[in-house]
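Worksheet for the structure shown next.
What follows draws every value from the coordinates through simple rules; no lab data is involved. This one's a predicted model, so the numbers in the text were calculated from it and none came from an experiment. Glycine gets a Cβ as well: all are built from the backbone with ideal geometry, and neighbour counts include every protein chain shown.
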Amino acid sequence: MDSTSRHPNTALDLALLLALATLWGGSYILIKLGVATIPPVTLIAARTAIAGLLLLAIMRARGVRMPTDQMTWRRFTFQACLNSVIPWTLIAWGERMVDAGLTTILNSASPIFTFLFTAVITHHEAATPRKLFGVVAGMAGICLIVGVDAFRDVGTGIVAEIAIVAATICYACAAIFGRGFKELDPMAPAAGSLIAGAAILIPVSLALERPWTMSASTNSLLALVTLAVVSTALAFVIYFRLIQTLGSVGTTAQAYLRVPIGVALSVLLLGERLSPTAWIGLACVVIGVAAMTIPARRIATA
């Protein structure tokens with residue numbers, strides 16, 4: 001039975017969306033701590049391997065069987081490339097040459113691409129005017145929160161910027177492709193895609209970064225474990241559940257929520273201050289996310 005026929009629980013879905021945005025919004029701090037002494041590909045490989053193995057253990061304890069057919073695992077591998085292997089690598093490389101503010105804006109554009117692909121190509125869910133309004137309002141809010149000054153260096157690192165945009169497009173495609181796992185327990189595609197991603201990344205890490213030679217600090221190792229368990233294993237289970245309930249466009253709305261959450265963490269932990277335009281931007285983000293999610297749930301019950 002298609003997910004759109006399930007009884008909705010809008011409050012729970014919105015709470016999970018906020019939780020997902022928080023888990024992934026906080027991952028930027030953890031990644032920054034991790035790469036301080038752990039090479040980037042090695043960090044990503046360990047992140048996916050730890051998270052995947054943890055989910056496999058939980059699935060076994062729950063009595064949930066992992067699919068064993070080759071077709072499903074090919075789909076897991078493709079999902080891994082779209083959702084972790086390619087985008088995480090591109091972003092890690094691109095951030096060396098692109099300022100954080102501009103990276104945030106570019107990386108938050110996945111709802112735009114998801115909406116466009118849905119409206120023009122896949123037609124797998126209704127691309128309504130309200131969703132379009134939500135996409136535009138959310139992106140405007142991101143620009144106001146981060147600040148227009150983030151655009152001042154556009155074009156100076158054009159290749160890196162293209163890499164980050166390509167990663168964003170991968171996220172959009174992953175949200176659409178991920179709907180094809182609706183017949184599985186949400187933990188199955190989460191664990192399967194992570195294990196498949198680790199199988200790709202570990203050989204690359206061994207060949208390029210020789211991780212056995214690194215001297216990782218305690219802070220980096222703690223950041224890696226937290227990143228794997230909380231911001232990856234738990235987050236991926238929530239992600240695959242929301243794709244089936246909120247849909248592709250609604251789920252990618254968390255990309256907008258990550259920015260104000262990240263800003264809030266900076267205010268609370270680092271003592272930074274918000275500009276007046278940031279408060280306006282936050283309101284735009286909230287309105288945009290509501291437009292992309294709540295209308296979709298109402299349509300689902302029609």
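Sorted from fewest to most neighbouring beta carbons within 10 Å, what does the list K131, K32, K182 look like?
K32, K182, K131
I'd like the FRET efficiency for L222 and L18, computed as 1/(1 + (r/R0)^6) with the beta carbon distance as r and R0 of 30 Å, rounded to 0.05.
According to the calculation, E is roughly 0.75.
For the pair K182 and A11, how long in nm is the line joining their label points, each one 7 Å along Cα→Cβ?
With each label point 7 Å from Cα toward Cβ, the separation is 2.6 nm.
Within 10 Å of each residue's Cβ, count the other Cβ atoms and sort I280, I202 from fewest upward.
I280, I202
Sorted from fewest to most neighbouring beta carbons within 10 Å, what does the list V35, V41 look like?
Result, fewest neighbours first: V35, V41.
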